[in-house]
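Remarks on the structure that follows.
The values are calculated or read from the model by the stated rules, or taken from the named source; none is laboratory data. All of these numbers come straight from a predicted model, not from anything done at the bench. All Cβ positions, glycine included, derive from the backbone under ideal geometry; neighbour counts span all protein chains shown.
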Amino acid sequence: MDKDNKIVLGAVLILLVGGYYVTNSNKKTEEKSTTKQEDQVKLDEEGAKTTEENKTSESPAVTSKSVVSTDPTSNASLTTKPTSVSVKVDKALAALSEIKVVSDKNVDVVTTGNKLSTDFKTLSVPVSISVVGTYTVSYSLNWVVGGTTTGSYKFTVK
């Protein structure tokens, strides 16, 4: 074999061997990548189960049934104008819970901010009602255990 053929043969061998190693290392990388992805999916699935279990076990059901009473009561027909509106609940309320009161003419009658009792179970708001009519109370209750409950009711001032 002459020198040129040896160089060509050497180059071909280098390319073949190099290609073999590159191909095998790519396969290993793909296997590792697949394994990492599969592991991540497993972790995500386990995390989702854990999160779901936590939601179920740590957060008691909070529904509109958690509202114990309202003042004035739903559908009340009052002869005296109330100075405040309140919603009493059986579970602790969190910050940013809110009551809104508007007249049938869509006039907001709330005078100042919402107040939460020291036991965190009564939310109240002062109102200034000067005319007879039907008033709608809307509330958004944020719970300490998580979640929000919304609702509304009406009362009438005669």
So which residues in segment 127-154 are closer than 22 Å to SER103 by Cβ and in contact with a Lys or Arg (Cβ under 8 Å, 6 or more places away or on another chain)? ILE129, SER130, VAL132, GLY133, THR134, TYR135, THR136, VAL137, SER138, TYR139
Among the candidates VAL144, VAL125, single out the residue that is aliphatic (A, V, I, L, M) and surrounded by 15 or more Cβ atoms within 10 Å (Cβ to Cβ). VAL125
Need the failing condition index for THR111 against (1) hydroxyl-bearing (Ser, Thr, Tyr); (2) under 28 Å from the mean Cα position of the chain (by Cα); (3) surrounded by fewer than 16 Cβ atoms within 10 Å (Cβ to Cβ); (4) over 16 Å from ASP71 (Cβ atoms), just the number. (2)
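Conditions tested, residue by residue: (1) in contact with a Phe, Trp or Tyr (Cβ under 8 Å, 6 or more places away or on another chain); (2) outside any strand (DSSP E or B); (3) among the hydroxyl-bearing types (Ser, Thr, Tyr); (4) modelled with pLDDT of 95 or more.
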site: ASN75; (1), (2), (3), (4): yes, yes, no, yes
site: VAL101; (1), (2), (3), (4): yes, no, no, yes
site: PHE120; (1), (2), (3), (4): no, yes, no, yes
site: LEU123; (1), (2), (3), (4): yes, no, no, yes
Top-ranked residue of segment 70-90 - restricted to ones that are under 28 Å from VAL144 (Cα atoms) and surrounded by 18 or more Cβ atoms within 10 Å (Cβ to Cβ), ranked as farthest from the chain's Cα centre (by Cα): PRO72
Residue hits (segment 107-118; at pLDDT 95 or above and assigned to a loop (DSSP other than H, G, I, E, B)) are VAL107, VAL109, ASN114, SER117, THR118
